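Have a look at the structure below before the remarks.
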Amino acid sequence: MMITMKRFLTLTVYIFSFQFVYGQESYEFDGTTISPGSKRHFSIPVSDDSGNETTIPITIFHGKGAGPVLGITAGVHGYEYAPILAAQDLIQRVDPGKLSGTIILVQIANVSSFLGRSPFLNPKDGKNLNRSFPGRANGSITERMADYISENVIARADYFIDMHSGDAPEDLMPYVGYYQHDDKREISFIGREMAVNMGFDHVLLFKTTGKEYMDIGSPSLYCSAEAFKRGIPAADIECGRLGMIEPESVQKIVTGMESLLGHLRMIDQSPIPSGETIFIEERSYISSPHTGIFYPVKSSGDYVLEGMKLGYITDFFGKKLINVHAVKSGIILYILGTPPVSKGETLVSIGIVN
């Protein structure tokens, strides 16, 4: 039976439209084709001109149904174990056969920091990955890691989440945060809705004003800030403390991510009801005026009043140098939870509760 050109074109458009609405095309990553309803693991090699080498383990979940691309990073700081273990849990919990869209999950962004048990810094070059974005393709090993994540994870995402916890010295309370810029109101609002729909009690606003959050190529420093700068709604998770592995923190991150997937309609699950979300738009920081030993008398999550004692600092012979008092009333987001302290180091961050 002969088919006229007009009927052929009509049939082609119909088939294409049917596939767009009801199906999912294959996904390409690192030169590999990933079929709908499947997942693949990748170990991405990164090296610099000084002979430093590392890998970035990434899992792609390519859903059976069409939908957005969600980029997720864990382990940007390799001593922050709760989000790293949450990412490991997500490997088993996310079923690509029941997923709409695609997840690019960086299991451990900073493997050298993780294996070296190194808080904050990559021991390969002494740089902080979360102060290195967007990175440089011809830079040091950390800068090249940032460049790879910027160009191959963040740039391909429709939404982005960076998962953190309190590093080795940080007694930190759980919260989520999102970016806001007056010139990016729609993206800011979407990021806010992402944060609210992860089920955390406290949501922080990261208000940005400078052009570094508008101009591609200018330093954004932070991983999620790079996403926001590129026009991608972004949020952070902060959950876990002192580099410890606490099952409730790991589970809270996993539950929050599944709630977000439900909010984005990537899985068939209702997001956690937001309840009485407490929004924090301003933070106050207290830095140490001395080098010595810090003794906290408050913990993360404690509400404090201006002037209230938070701890004290001694020298190395036990002589008290100063009492540390709250300069604002609010809730302690994090407080130094280990004894060593250097002059100029942040002791406490207080969230101002409206």
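Nothing in this text is a laboratory measurement; each read-out follows from the coordinates by a stated rule. Being a predicted model, the structure only gives us computed values, none of them experimental. Positions of Cβ are generated from backbone atoms using ideal geometry, with glycine treated the same way; all protein chains shown enter the neighbour counts.
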Legend entry - Estimated FRET transfer efficiency (Ser38, Gln269; beta-carbon r; R0 35 Å; 0.05): 0.95
Legend entry - Anchor Lys343: aspartates and glutamates whose Cα lies under 18 Å away (excluding residues fewer than 8 positions away in-chain): Glu170, Asp315
Inset, instruction - For every helix of n ≥ 4 consecutive DSSP H residues, a contribution of -39,500 (n - 2.57) applies; sum these over the chain, divide by its total residues, and give [θ] at 222 nm rounded to the nearest 500 deg cm²/dmol. - result: -7500 deg cm²/dmol
Legend entry - Long pairs among Lys207/Lys328; Lys127/Lys229; Lys127/Lys320, criterion Cα-Cα beyond 29 Å: Lys127/Lys320
Legend entry - Size descriptor, Kirkwood hydrodynamic radius, that averages inverse alpha-carbon separations across segment 241-354, Å: 16.3
Inset, instruction - Just add up the charged neighbours of Ile293: K/R +1, D/E -1, any other residue whose Cβ is under 11 Å from the Cβ of Ile293. - result: +1
Legend entry - Rounded if a/c under 1.5, otherwise prolate or oblate - segment 95-212, Cα gyration tensor axes: rounded
Inset, instruction - Determine which lysines satisfy two conditions relative to Lys64: a Cα distance under 21 Å, and not lying fewer than 8 residues away in the same chain. - result: Lys39, Lys98
Legend entry - Least to most buried among Cys239, Cys223 (fewest other Cβ within 10 Å first): Cys239, Cys223
Legend entry - Per-peptide average of other Cβ atoms within 10 Å, ordering 104-113, 281-290, 198-207 highest first: 104-113, 198-207, 281-290
Legend entry - For the chain, size of Cβ-based charge dipole, Lys and Arg +1, Asp and Glu -1, in debye: 260
Inset, instruction - Order by neighbour count: Val297, Val254, fewest other Cβ atoms within 10 Å first, most last. - result: Val297, Val254
Legend entry - Charge sum, other residues only, whose C-beta stays under 15 Å from Ser50's C-beta, Lys/Arg counted +1 and Asp/Glu -1: -1
Inset, instruction - Between beta-carbons, use under 14 Å as the cut-off and find the net charge around Phe61, counting Lys and Arg +1, Asp and Glu -1. - result: +3
Legend entry - Relative contact order (%) - criterion: Cα under 8 Å, at least six apart; region: segment 25-263: 21
Inset, instruction - Once every Cα of the chain carries one equal point scatterer and solvent is ignored, give the base-10 log of I(q)/I(0) from the Debye formula at q = 0.09, 0.10, 0.11 Å⁻¹, two decimals. - result: -0.53, -0.64, -0.77
Inset, instruction - Report the extension gain between Asp49 and Phe317 in nm, rounded to one decimal, defined as 0.36 nm multiplied by the number of residues separating them, less their alpha carbon distance. - result: 91.9 nm
Legend entry - Only Lys, Arg (+1) and Asp, Glu (-1) charged, at Cβ; segment 167-294 dipole about Cα centre in debye: 320
Inset, instruction - Work out how much length Ile352 to His290 would gain on full extension: take 0.36 nm times their residue separation and subtract the Cα-Cα distance, in nm to one decimal. - result: 19.8 nm
